[in-house]
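Working notes for the structure below.
Just so it is clear, none of the values below were taken in a lab; they were calculated from the coordinates. Everything numeric here is computed off the predicted structure, so don't read it as measured data. Please note: Cβ atoms are built from the backbone with ideal geometry, for glycine as well, and neighbour counts cover all protein chains shown.
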Amino acid sequence: MIRTNQSRRSANVPVVTNEEIAQTLVEISDLLERQGANPYRIRAYRQGAETIAMCPTPLQMILARGGIRGLMELRGIGDSLAAAVQKIIHAKRLPLLERLRGGGAPERLFSTVADIGPKLATRIHEQLGIRTLTQLEAAAWDGRLARVPGMGEKRIRAVRESIAGRFRRSANPTPPPVPLPTNSQVAAAADPTKPAEAPRHQGMLW
């Protein structure tokens with residue numbers, strides 16, 4: 001009889017605690033921020049983590065009683081976060097977090113980008129020594145990726161668009177500010193004997 005009561009009490013203990021779920025969402029938000037994701041998406045994960053950390057009822061119990069809709073009744077928990085919490089509770093893992101971590105290997109992370117297969121992903125990592133999507137995107141813009149065999153212009157463009165789409169931002173970077181000529185530079189153009197001042201950069205503080 002005592003064993004039965006003990007087993008019942010053990011069955012009521014959450015396998016995944018609210019604190020563990022909240023920590024998972026915080027890690028996701030940190031990784032998204034590090035990789036330049038949409039600020040609203042980052043904030044959603046952090047607010048969700050705060051709500052879950054302060055919730056007095058185990059989310060596992062809420063899910064068992066009310067399903068996804070029960071989770072969505074919590075402040076700041078929408079359908080996407082509720083689905084993520086459900087996966088954490090049921091599967092003890094979250095594919096999104098594994099993708100952001102790169103599965104422990106840059107090659108696996110790069111293989112999730114459009115037009116990059118496992119062999120090419122390995123070549124990129126070994127030749128350029130990069131490990132994150134942010135570094136891969138930078139290499140796609142600064143010319144380093146073009147030096148990797150198999151990375152043509154069309155494929156590099158696909159990489160830029162794929163990473164930008166993943167982080168929900170434009171694939172076209174903002175061009176740098178154009179230097180504005182000073183009055184002395186205008187005068188110097190008319191009279192080369194006059195010294196010119198250094199250019200002022202619009203929107204930049206020196």
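Per-structure values
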quantity: Protection-proxy order for peptides 76-84, 88-96, 132-140, each taking the mean of Cβ atoms within 10 Å per residue, highest first; calculated: 132-140, 76-84, 88-96
quantity: Extension gain (nm, one decimal) between Ile68 and Arg99, 0.36 nm per residue minus Cα-Cα; calculated: 8.8 nm
quantity: Distance between modelled label sites at Glu27 and Ala146, nm, 7 Å Cα→Cβ extension; calculated: 3.9
